[in-house]
Structure formats: C-alpha cells, structure tokens
Amino acid sequence: MSEYFFPDQDAKFVLQQVVGFSDLCNQLDQNDLNSGLTDAILEEAAKLGHEVLAPLNQIGDRQGAQLGASGVQETAGFSEAYQQFMESGWPSLAGDPEYGGQGLPRALSTAVMEIWQSANMAFSLCPLLTQGAVEAVTEHASDELKAIYLEKMISGEWTATMNLTEPDAGSDLAAIKAKAIPQGDHYRITGQKIFITWGDHQMTDNIVHLVLARLPDAPEGVKGISLFVVPKFLVNSDGSLGELNDAKAVSLEHKLGIHGSPTCVMSYGDQGGAVGYLVGEPHTGLACMFTMMNDARQGVGLQGLAISERAYQHALQYAKDRIQGTQRDGSRVAIIQHPDVRRMLMMMKSGSEAMRTLAYVAASEADRLKAAAPQNKAHHQARLDLYTPIVKGWITEFAQELTSLGVQIHGGMGFIEETGAAQFYRDARILPIYEGTTGIQGLDLVGRKGVSDKGAGMLALLDQIRDELVTLQLPDNMQAAYELMVQAEQDARGAVAWLLSHKEDASSIGVNLMMLFGYLCGGWLMLRSAAAAHALRADSTQDISFLDAKLVSARFYCEHFVPRVAAHWQTIKAGSEAILALDEAQF
Ligand SMILES: Cc1cc2nc3c(=O)[nH]c(=O)nc-3n(C[C@H](O)[C@H](O)[C@H](O)COP(=O)(O)OP(=O)(O)OC[C@H]3O[C@@H](n4cnc5c(N)ncnc54)[C@H](O)[C@@H]3O)c2cc1C
C-alpha cells in the first residue's frame, strides 16, 4: 500500500492564487492567518493524515466495523486515531468561537478536510457529518439546545449523525414515516432509519442523532417534517450523561466500499419512544436539515477530489515502478514512459487539480457570504447555492472516471485487492449516491438554481467567466486551450437559454447541465491558475518547475476535458424526446 502525501504545494497555490486567500483573510479580519499560520496548520494536519489516518485506511477496508451486544465496534485503531484527532483540536477548526470553535475560514478548513478524506475517507465521514450537524444546530436550534450540545459537538467530544433515509423514503423524503409524539418538554420518537453513517461506535461517550420525523398534526409531504436532536445517552441538566436513550443500531450493511464506516439500520422507540428535542419550528425540519445537507454535499464533493488525488498518487507510484515494454535502443522502461499511460496520469493529475480549484472556491463563497456587506449577501448566497450541486454532482461523477483510471494504470494488478487501487475505486462509488444522487443534484440545479430565478445565478457566473477570460495573460502555446474555453462559455450560455425556453424538459437535462457547468468551471479556474503561474514565473525565487507543470496541467485540462462542455451542450439540445420515447414495455 503506497503512502499518502498531502499535495501541499498545489493546495497552497489554489488557496492563494485561485481563491485569493490573503484578501479573504483581510475581509474576515483574520490577518493572523497570513503570517505563516496557514502553512503551519496545513503541515500539522498533513502529518496526522500521513502518519495516523492513512495507515488505517486499508485496515478499515479489510476489517470493517462489527455489531456486537454492546453496539457497533469500529475498526481496531480508529478509536485511538479519533482521540488524537480530537485532542489536537481538528474538529473545531471552523466552529463558532462562542462555542469553543476556532472560527477559521471555510476555505482553510476545506483544505484541511481534504487531507482527512484522502488519508482515510471511511474514518473521516464521521467528522464530516458532525460538522454538518454543527451547522444545522448552530443555525436552527434553541439557545438551550445549543448550550447543551454545541460545544461538545464542535470539540468532537461527541459525534453526530444525519437520519433521513427510511426503507420507503430515499430520494423522496416526503414519504418519511418516523413519528414524534410531544411529551412535556420533549418528544418521543419512533421509527426506523436505514443507511445511517456512523450511527453507532465506541469512539466517543455520546452520539447526537439529528432525526427527521412527523408530528401527530403534520401535513402530508415535505411540509410536515420536523427535525429532532436525539442523543444516544440522555444529558442531565449539569451536562453529565444520563441513561441510554431508546435508540440503537440493529444491524450493519455489507457494502461495496467504505467498510471502515459503519452504515447502520437504526431503530428508534423499541421501548416506547426515544427522547428527542425539536430543532427549529414544527414542520420546518427539512429546511433545517438542508443546512446540514448543503454542508455535507460540499463535503462529499470534496471527498471526490480527495479520493481522486489519493488514487492518482497510488497510480503514479506504480507507473514509475512497473517495468514493461522496451525503448528503441532495447532498454526496458517503466510504464510511465508510454504516451497512453502519460495520458491517463495527466487526466488524473489535471482532473484532480481542477476539482480542487472548484471545491476550494465554492467553500470560500461561505466565507465571502460571512464577510459581505448586507447589500452583497444575496449575491454570495446565490453563488454558494449554485456551486453546491455542481461540486457534489460533477466532482463525484468525475471521481468515478479518475479512480477507474487509477485501476487501469495498474493493469491486471489494479483488479487485485492487495495493490490498493481497487479500494479507492470501490470507496469512490458511494459518492454520487449518498447526500442526494446525481439525478437529484441535476434536478436541484435546473430547478431551484436555474428555472426558479430565470437563470440569473447561472448567467451571473457566465458573465464573470466571460469577463475574466478576456483579462487573462497566458503563454502563446495556450492559445488553442484558451479558445476552447471561450467557446465553452458560449455553449454554456446556449444551454442556459435552452433550459429557460424548454422548462418542460428541465428534469431530462439536469445531469447534462450539471456536468457541463462542472467541466466549464474546472476550465475557468484552471486558466486562472495558468495565468497566475505564468505571472509568477517572472520571479526567479519561485519554484519554476511547479509553475511549468501547472501551465501544462491547465493546458491539458482545456484540451482534454473542456471539449466535453460542447458534448453536453449537444446532448442538452437534443431534448427529452428520445429519452422518453419508449413505452415502459419496450425496455
Ligand atoms: C453507504 C451509505 C451511507 C449513507 N449514509 C446516510 C446517512 O448517514 N443518512 C441518511 O439519511 N442516509 C444515508 N444514506 C442514504 C442515501 O442518502 C440514499 O441511499 C440516497 O439518497 C438515495 O436514496 P435511495 O437509496 O432510496 O435510492 P432511490 O431514491 O430509490 O433512487 C434510486 C434511483 O432513482 C433515481 N431517482 C429517485 N428519485 C428520482 C427523481 N425524483 N428524479 C430523478 N431520479 C430519481 C435516483 O437518482 C437513483 O438513481 C446512505 C446510503 C449509503 C449507501
């Protein structure tokens, strides 16, 4: 199993040159981060990722969590790793300082999170979900609930879960059946939730379940769902832990990947009802849960980047080591010498770099929203909302291709588990499914982020891309790459106009439009990277080799991936007819 190294040079480049991190810190009044502190944070995180979490990744795959009489027992070693993770203060990085958080910018905590997800995605799902739950509780819970739960969740002393899915309610949450009956100052929750990630474990003293359920007087559909905090152990008024709540994991799923992450069937109320506390107003639970889901959707997109990066590092090492084939002079060569292996490595490298630009830029929108003057907040909120399905949908779908290439570069050994390439491919497969499938992301994009605002958010993004493209100073050998991007921006404009004039076809074209925007944003931000690299080359103190590689990577991305924008545009234009023409019986 190869080791994992955080690509710190690229991450720092993206933060500084693409996100504009120094300026962002100024806006956030966090200038202390501009004096080497950011580098120190990333270096420390990388050390923990490399030394502690990454070595447990294959162990978790081989010895997944087990359900026993006293609940779920996670993979051996995970608990010690979690203690170290928590004691070093990593869970609280982006948390609200009022509740013990460090309040660091989301752009930085996202770069740090990339490390955890690359090193050990199954383990890192646990803090990912806790962070989302922290957001939901911070935004929607009463001060009383916040006082009891938030500090412990932010510090990582307690982890959290997201309980939406039921056997008959997956993508369609309107079908949720779990019940909540009022009883004094709390509610009694009954029902079954399935596929609950990290629903039980022994790494912390308590687990805070965020559960969607219906009140007795709830209207039908999504407007009748409420959100509850349901702790594994009840919490006494002095903060100490009380008795075990009526909520438990009753079985664990056997999965294709992420074996180190227990996926639980949770039963609430076998003994009369689990004690739960309402978050937000009655019947507004889905809106409250969306705070967590939007955070988690960006987090899952980041997982797509993280696992693609890890698969790339693994494949690169193999391509350098594996001797196969001969040169003209008869000497044997490593496979990295073959142009087609180079093509695959470049796809993995430039694809991962483009994912990183978009994931970090999207995360930084949350910071810009926070720092914005009141009159600018709506713009940043709209942009953040627009990025979310693209980050989740495009990156996780793209990760399927890149992790598959990682297997391909290994040849037959890629199909053999010992080499580890297969684990990344298997682990990546969940990403376009959980937190809303790709189909659901496509619907979100064309509906809430497209048709609803008459395309205003999309067109504002396209205007920004068009205006920035004309300002970019690029080397002469990138002219063709640049022209591909200019054409792609026009194609995207055509696709938005098509959507607005064919609203009845919106649900058929959603995924194509989402992928189109993903490849387009990747190209835009890779050209921004290229322009920055080109300018920095004039400074002889810079790492010229890194900057040259960045220019090549950006050029490769434009030549190999940006043409996919035109392909998606052609498919969008074809409309729904052939998609829907067959009668069900003809399938
Ligand atoms: C490992 C794992 C971990 C998970 N963790 C959690 C968790 O922690 N908490 C939690 O609550 N859930 C969790 N889930 C559940 C996950 O979010 C759901 O599986 C997912 O939302 C899809 O729901 P479903 O499985 O019921 O599929 P379905 O909704 O039945 O979808 C099946 C197919 O139909 C498509 N489809 C469905 N409806 C539509 C539509 N309206 N338009 C277009 N296409 C549609 C989907 O895109 C998909 O291709 C997890 C699942 C897994 C496998």
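The values are calculated or read from the model by the stated rules, or taken from the named source; none is laboratory data. What you are looking at is a predicted structure, and each value in this text was computed from that prediction instead of being measured. Note that we place each Cβ from the backbone using ideal geometry, even for glycine, and neighbour counts take in every protein chain shown. In case anyone asks, the SASA skips ligands and DNA or RNA and just uses the protein heavy atoms, side chains included. Shrake-Rupley method; radii C 1.70, N 1.55, O 1.52, S 1.80 Å.
Along the Cα-to-Cβ line of Asp548, 7 Å from the Cα, sits a label point; which residues in the stretch 1-30 have backbone N less than 19 Å from it?
Under 19 Å, as judged by backbone N against the label point of Asp548, lie 9-10 of the stretch 1-30.
Report the trypsin sites (Lys or Arg not before Pro) located in the stretch 171-258 that are in a DSSP loop and have at most 16 other Cβ atoms inside 10 Å of their Cβ, or state none.
Numbers: sites: Lys177, Lys179, Arg188, Lys193, Arg214, Lys223, Lys232, Lys248, Lys255; in loops: Lys177, Lys232, Lys255.
The qualifying sites are Lys177.
Using square roots of five times the C-alpha gyration tensor eigenvalues, list the equivalent-ellipsoid semi-axes of the stretch 244-312 in whole Å, biggest first.
Details: eigenvalues 179, 90, 11 Å².
Output for the stretch 244-312: semi-axes of 30, 21, 7 Å.
Can you give the extra length, in nm with one decimal, that the chain gains between Ser70 and Gln337 once fully stretched, where that is 0.36 nm per residue apart less the Cα-Cα distance? Kindly include the intermediate steps, with their values, before the conclusion.
On the way: separation 267, 0.36 × 267 = 96.12 nm, distance 5.39 nm.
Here the answer is 90.7 nm.
Place +1 on the Cβ of every Lys and Arg and -1 on the Cβ of every Asp and Glu in the chain, take the dipole about the Cα centre, and give the residue among Gly132, Leu212, His380 whose Cα lies farthest towards its positive end.
So the residue we want is His380.
Can you tell me the length gained on complete extension of the stretch Ala175 to His254, counting 0.36 nm per residue apart and subtracting the Cα distance?
Details: separation 79, 0.36 × 79 = 28.44 nm, distance 2.50 nm.
That works out to 25.9 nm of additional length.
Treating the beta-carbon of each Lys and Arg as +1 and of each Asp and Glu as -1, no other charges, what is the dipole magnitude of the chain about its Cα centre, to the nearest 20 debye?
Details: 44 positive and 70 negative charges, 250 e Å.
It works out to roughly 1200 debye.
Heavy atoms only, 1.4 Å probe, whole protein assembly: order Ser350, Ser142 by accessible area, highest first. All intermediate terms of the calculation are to be shown ahead of the outcome.
Working: Ser350 0, Ser142 55 Å².
Sorted by accessible area, descending: Ser142, Ser350.
Report the percentage of all Cα-Cα pairs in the stretch 371-446 whose separation exceeds 20 Å, rounded to a whole percent.
Value for the stretch 371-446 (Cα pairs over 20 Å): 49 percent.
Can you give the charge dipole size of the stretch 369-493 about its Cα centre, rounded to the nearest 20 debye, using +1 on the beta carbon of Lys and Arg and -1 on the beta carbon of Asp and Glu?
On the way: 11 positive and 16 negative charges, 116 e Å.
Computed about the Cα centre, the dipole is about 560 debye.
So how do Ile194, Ile440 rank on accessible area, 1.4 Å probe, biggest first, that is with the largest at the start?
Values: Ile194 25, Ile440 50 Å².
The residues order as Ile440, Ile194, largest area first.
Filter the DSSP H helices in the chain by two things, a Kyte-Doolittle mean of at least -0.5 and an axial alpha-carbon span of 15 angstrom or more, and list the hits by number.
On the way: long enough: 37-48 (17 Å, 0.52); 106-119 (19 Å, 0.36); 121-140 (28 Å, 0.72); 143-155 (18 Å, -0.01); 285-321 (53 Å, -0.11); 339-371 (47 Å, -0.18); 377-409 (46 Å, -0.06); 456-469 (20 Å, 0.45); 479-501 (33 Å, 0.16); 506-536 (44 Å, 1.16); 544-560 (24 Å, 0.38); 563-574 (17 Å, -0.35).
Helix filter hits for the chain: 37-48, 106-119, 121-140, 143-155, 285-321, 339-371, 377-409, 456-469, 479-501, 506-536, 544-560, 563-574.
Quick one: with all protein chains in place, what share of the accessible area of the stretch 467-539 is carbon or sulfur, to the nearest percent (1.4 Å probe)?
Values: 1430 of 2820 Å².
Looking at the stretch 467-539 in its full context, I get 51 percent from C and S.
Quick one: check the C-alpha center-to-center distance for the stretch 353-379 versus the stretch 498-520, whole angstrom.
A separation of 23 Å, based on Cα centres.
Have a look at Ala538, Ala366, Val275 and report the one farthest towards the positive end of the charge dipole of the chain, computed about the Cα centre with Cβ charges (Lys/Arg +1, Asp/Glu -1).
So the residue furthest toward the plus end is Ala538.
What is the calculated FRET efficiency for Phe5 to Phe587, with r their C-beta to C-beta distance and R₀ = 56 Å, to the nearest 0.05? Intermediate results must be reported in sequence, preceding the final value.
On the way: r = 47 Å, r/R0 = 0.84.
The calculated FRET efficiency here is 0.75.
Between Lys503 and Lys377, what length comes free when the chain is fully extended (0.36 nm per residue of separation minus the Cα-Cα distance, one decimal in nm)? Walk me through the intermediate numbers first.
Details: separation 126, 0.36 × 126 = 45.36 nm, distance 2.81 nm.
Taking Lys503 through Lys377 to full extension adds about 42.5 nm, to one decimal.
Could you state the principal axis extents of the C-alpha atoms in the stretch 398-516, from the largest down, to the nearest angstrom?
That works out to 50, 43, 18 Å along the principal axes.
Averaging over all projection directions, find the projected area of the Cα convex hull of the stretch 464-587 and quote it in nm² with one decimal place.
Details: hull surface 36.1 nm².
Over every viewing direction, the Cα hull of the stretch 464-587 projects on average to 9.0 nm².
Per the helix-only calculation at 222 nm, which mean residue ellipticity applies to the chain, given -39500 (n - 2.57) for every DSSP H run of n ≥ 4 and division by its residues, nearest 500 deg cm²/dmol? Let's see the in-between values first.
On the way: 19 runs with 309 residues, N = 587.
Using -39500 (n - 2.57) per qualifying helix, the result is -17500 deg cm²/dmol.
Kindly sort Thr161, Thr326 by accessible area of their heavy atoms, largest first, with the probe set to 1.4 Å.
On the way: Thr161 0, Thr326 90 Å².
The most accessible residue leads, giving Thr326, Thr161.
Can you compute the modelled spin-label distance between Gln16 and Lys573, with each label point 7 Å from Cα toward Cβ, in nm?
Using points 7 Å along Cα→Cβ, the separation is 4.3 nm.
Keeping all protein chains in place, calculate the accessible area per residue for the chain (probe 1.4 angstrom), answer in Å². Please report the intermediate quantities before stating the final value.
Values: 23610 Å² over 587 residues.
Roughly 40 Å² per residue, with all protein chains present.
Assuming 1.567 mPa s and 4 °C, estimate D for the stretch 28-152 with Stokes-Einstein, Rh taken as the Kirkwood radius over Cα pairs, in µm²/s.
Values: Rh = 15.8 Å.
It diffuses with D of about 82 µm²/s by this estimate.
Quick one: pull the percent of accessible area on the stretch 246-392 belonging to carbon and sulfur, 1.4 Å probe, ligands and nucleic acids left out. Provide the component values of the computation, followed by the final result.
On the way: 2850 of 5440 Å².
Result for the stretch 246-392: 52 percent of the exposed heavy-atom area is carbon or sulfur.
With every protein chain left in place and a probe of 1.4 Å, what is the accessible surface of Met413, to the nearest 10 Å²?
80 Å²
Roughly what % of Cα-Cα distances in the chain sit above 30 Å, to the whole percent? Provide the component values of the computation, followed by the final result.
Values: 90335 of 171991 pairs.
Tail of P(r) above 30 Å: 53 percent of Cα pairs.
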